[in-house]
Amino acid sequence: MSEKPAFVSVQQSLRKSFDAIEPLHEEWNNTLLECNPHLTSLSNLAEQLQACQRVLFKKTPLSSFINLQEHLRFKLQAAMEFNLEILNQKLSTLQRIRDSVSQVVGSVLYMYETSIEKIGLEAILERSSLCPSIADMLEWLQDIEKHYRNQYLQRKLLLQVCGGHLSDIQALPQSWAKQRDAASSKQQHVEDILLSVSFFRMST
Amino acid sequence: MDTVLKCLPSNPDDHCSQRCRLGPKAMALIGAKVGFPVLVSLQSGSCLCTAWPRRDLCDGFVQADYMCSTSHKPMAVFKDTGICLNQIKSMASTKLRKVSVKVVVRSLDVKRATSEAALLETVRDLLRNVFVLNDYVLSVNADSPVVHIEILDTDPATSNAGLITGKTSIVIKEVITLEWYKHKLQEAPQLKVAAMDDTCASLKEIIHMPLHYPETMHKLGLPCPKGVLLIGPPGVGKTLLVKAVAREVGAYVIGLSGPAIHGSRPGESEENLRKIFEKAREAACSGPALLFIDEVDALCPKRGHSNSAPENRVVAQLLTLMDGIDSDNKMVTVAATSRPDAIDPALRRPGRFDREVIIGTPTHKQRQAILEMMISNMPTDRDVDAAALADVTVGYVGADLTALCRDAAMQAVLQASLDSLCNLVSRAHFYEAFKRIRPSSARSSIGRVEFKPVHWEHIGGLEDIKHKLRQSIEWPMKYPEAFSRMGLTPPKGVLLYGPPGCAKTTLVKAVATSCHCSFFSISAADLFSPYVGDSEKTLAQVSNRCSDKRGLALQPLFSLMKLMPWWGPDQKVEQDLGSRKGSFLFSLMSWMA
């Protein structure tokens, strides 16, 4: 008799987790989009800084301005730091999303682990046209959680590595886009999953 | 339980997810719970997976992602076509508090570029929610800088599958490059080298020193010795020694051979040389490395003699590269040659090759040790006596002794195939082989003559002469202690003279037979040539050949010159050659002394 309530409670928590993940997913996408202009401006600033370091102001009409090079460099660096600050904020948003996804998924898995004995294998594998099986949904949740973890880490490493060299910072938008293209199938996968559980989520 | 499941390649989606897809019936049979660890034992190792149902819920197939397994090359190794159900076992899991890992990164550049914190974070991300067991290796095939993660230790130590969660603390014990990791995994058996303990020790010391006492060397302000030149006749085991020592100390060996270096384009050879040194230097950054230049005389000949510019440039490049090795590097260069005279002298100064180790023709004891080691691996009869064999194999080098043993074994195989009675290698087989295998150092040498053994009793009469010959040649060899006790110097030369046909040559042969020595015969025709200095050179070659053996064999081997027929022509030549005869005589006398 205890089979049914356990089953329902796991399903309930699954439903809740998907409900929680959907807005997070949208926030993630928006955050990534918001990053793009900052990345471009950062890359431009890096290019300007590079040019500033290369040019000899003494040979130009600007030579009458004293310490122009230092001033320019200071300005550019300040602007870059400002941009990096914003990007770091975005990154922390991404981290927050990742952590909340991990937490949600973790709580579902914990729920599942505690009630697995009561449910039984057959019930876990049972699926209908409206409701995917618990096993499928758990698998999807794991996939989603892993995707966010990987993505966050890669973006973070990308920003970290670029700290040293101006040429790397200049190429940042390209590598960022490359990262996005590489992950696009996974991103699509998350959206597919959210679609496949939409009926299940509605059938309260 | 013995249902065989068909093995299919895993889904691309499941890549690096540690999932093992099973049918529902199979899962029910082994009692696996969805998402819980199962241990899959395969023929060539086992791997830890998590059980998941197949999407189509079909039974009879298994699709496993071998991410966490006992082998570091799972895809190549696990090629089982079918897996029995009893090969899959459900496991309990424990959450780990702490785990120590060894990280293998893709290349040295990656290792330099990635900071410690970033590496730790990458590893943490890769290990998150993964089930592990002690000594299992995680293979990561994605484009991450980390290739493998080896689990060294877990806390709590458990036989259950350990789950790494977000709270597990991860300790990176070691970071090595993929190349080193592969090198360490090559499970080659230790090579056995007999009778070269002192040489071995000195080579080992030179490799160990910068590794174990870096601070001491730094304090002393001395650069570590970093070059060893091995000199010895062909076949004494120079190459084998280097390989064995490298394997023993776990050093990474990079081979360098002359022919592989030389290219057709001008400058290509130098470039190749630089590349190899660069590779060695990179390898040396992560552990002891040994650059081995075999046949260095081909790579680095004397510069004055050859007047080809490219060759000189290669030599110069090698010299500068040798100088460029940093003393704090753990790299040692070892070169081997059988012709030390042919090497450019600039290479032999301290700082390039600091030490020269001469490996001579093995002495009696060394031969015995070598033979004992070889015989120990063969199914031999009881009558095989290594000491007796060592007695007769004067002048044999390691390669000759190997050939001897191989030939004896072949004899035994042939005989066994004929009568199928005994399949042991006996003394007779060794003696049969001994007839065929001659020492390689004596091959193609001037003056070496094969002759039928002549025993003392084959010569009638001449008893007093036989006695005198025995006294002056046989006794010093057989009773050297007696000679040294009485303070006698053994006679160095014997002059036999007499009219033709009075058994002078036969007597010498008899001496050689009774002492088991090589017989070198030199006549004037062999030695004299119209070119200035040529005869002296030939004589020097013969004397080198002989002293190679005599100087280094415990039971001294002596060479016999057929001097008698030689002095005659010399008298006649005297008028034609004038002063040249004098110089030739000098070289002969200096050798005799």
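Things to note:
- Test: residue in region A:169-186 that is within 10 Å of chain B (Cβ to nearest Cβ), touching a Ser or Thr at 6+ places or on another chain (Cβ under 7 Å), surrounded by 16 or more Cβ atoms within 10 Å (Cβ to Cβ) and under 25 Å from residue A:23 (Cα atoms): no
- Residue list for region B:365-377, restricted to those being part of a helix (DSSP H, G or I) and more than 9 Å from residue B:393 (Cβ to Cβ): B:365, B:366, B:368, B:369, B:370, B:372, B:373, B:374, B:375, B:376
- Qualifying residue in region B:234-252 (condition: crowded, with 19+ Cβ neighbours inside 10 Å, among the hydroxyl-bearing types (Ser, Thr, Tyr) and not in a helix (DSSP H, G or I)): yes
- Subset tally (residues that are part of a loop (DSSP other than H, G, I, E, B), closer than 22 Å to residue A:125 by Cα and of a type in the set (Gly, Ala, Ser)) for region B:16-74: 6
- Hits in region B:81-137 (condition: surrounded by 19 or more Cβ atoms within 10 Å (Cβ to Cβ), within 14 Å of another protein chain (Cβ to nearest Cβ) and of a type in the set (Ser, Thr, Tyr)): B:114, B:122
- Flag if residue B:271 is acidic (Asp, Glu) and either crowded, with 17+ Cβ neighbours inside 10 Å or more than 23 Å from residue B:184 (Cβ to Cβ) (or both): yes
- Scanning region B:257-290 for residues that are among the small types (Gly, Ala, Ser) and either assigned to a loop (DSSP other than H, G, I, E, B) or in contact with a Pro (Cβ under 6 Å, 6 or more places away or on another chain) (or both) yields B:263, B:264, B:267, B:286, B:287.
- Search result, residues across region A:100-128 that are free of Cβ contacts under 8 Å to residues at least 40 places away in the same chain and either of a type in the set (Ser, Thr, Tyr) or more than 9 Å from chain B (Cβ to nearest Cβ) (or both): A:103, A:110, A:114, A:126, A:128
- Residue match in region A:192-202 (condition: more than 14 Å from chain B (Cβ to nearest Cβ), assigned to a loop (DSSP other than H, G, I, E, B) and over 21 Å from the mean Cα position of the chain (by Cα)): yes
- Residues of region B:350-365 satisfying the condition of being at pLDDT 80 or above and farther than 18 Å from residue B:203 by Cα: B:365
- Failed condition for residue B:38, given (1) touching a residue at least 60 places away in the same chain (Cβ under 8 Å); (2) within 14 Å of chain A (Cβ to nearest Cβ): (1)
Rundown of residues vs (1) out of contact with any Asp or Glu (no Cβ under 6 Å at 6 or more places or on another chain); (2) free of Cβ contacts under 8 Å to residues at least 60 places away in the same chain; (3) exposed (fewer than 15 other Cβ atoms within 10 Å of the Cβ), yes/no style:
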site	(1), (2), (3)
B:454	yes, yes, no
B:466	yes, yes, no
B:471	yes, yes, yes
B:477	yes, no, no
B:483	yes, yes, no
B:486	yes, yes, yes
B:489	yes, yes, yes
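- For region A:4-12, the count of residues that are modelled with pLDDT of 90 or more, of a type in the set (D, E, K, R) and in a helix (DSSP H, G or I) is zero.
- The residues listed here are A:62, A:39, A:45, A:32; of these, the one that is over 22 Å from the mean Cα position of the chain (by Cα), buried (at least 17 other Cβ atoms within 10 Å of the Cβ), part of a helix (DSSP H, G or I) and among the aliphatic types (A, V, I, L, M) is A:45.
- The residues on offer are B:413, B:334, B:394, B:384, and the sole one that is in the same structural domain as residue B:284 (by the TED database) and either without any contact (Cβ under 8 Å) to a residue 24 or more places away in the chain or not in a helix (DSSP H, G or I) (or both) is B:334.
- Within region B:302-322, if we keep just the residues that are at pLDDT below 80 and not in a loop (DSSP other than H, G, I, E, B), the residue that is nearest to residue B:203 (Cα to Cα) turns out to be B:311.
- Of everything in region A:129-143 that is in contact (Cβ under 8 Å) with a residue 24 or more places away in the chain, within 12 Å of another protein chain (Cβ to nearest Cβ) and aliphatic (A, V, I, L, M), the residue that is farthest from residue A:185 (Cα to Cα) is A:134.
- For region B:104-154, a residue qualifies if it is in contact (Cβ under 8 Å) with a residue 60 or more places away in the chain, farther than 26 Å from residue B:281 by Cα and in a loop (DSSP other than H, G, I, E, B), and the qualifying residues are B:133, B:135, B:136, B:140, B:141, B:142.
- Test: residue B:293 is assigned to a helix (DSSP H, G or I) and in contact with a strand residue (DSSP E or B) (Cβ under 7 Å, 6 or more places away or on another chain): no
- Odd one out for residue A:87, checked against (1) more than 14 Å from every other protein chain (Cβ to nearest Cβ); (2) out of contact with any Cys (no Cβ under 9 Å at 6 or more places or on another chain); (3) part of a helix (DSSP H, G or I); (4) not aromatic (Phe, Trp, Tyr): (2)
- With respect to (1) within 22 Å of residue A:193 (Cα to Cα); (2) surrounded by 13 or more Cβ atoms within 10 Å (Cβ to Cβ), the lone exception for residue A:129 is condition (2).
The values are calculated or read from the model by the stated rules, or taken from the named source; none is laboratory data. On a predicted model such as this, the values are computed, not experimentally measured, just so you know. A quick note on method: Cβ atoms are made from the backbone with ideal geometry, for glycine too, and the neighbour counts reach across all protein chains shown.
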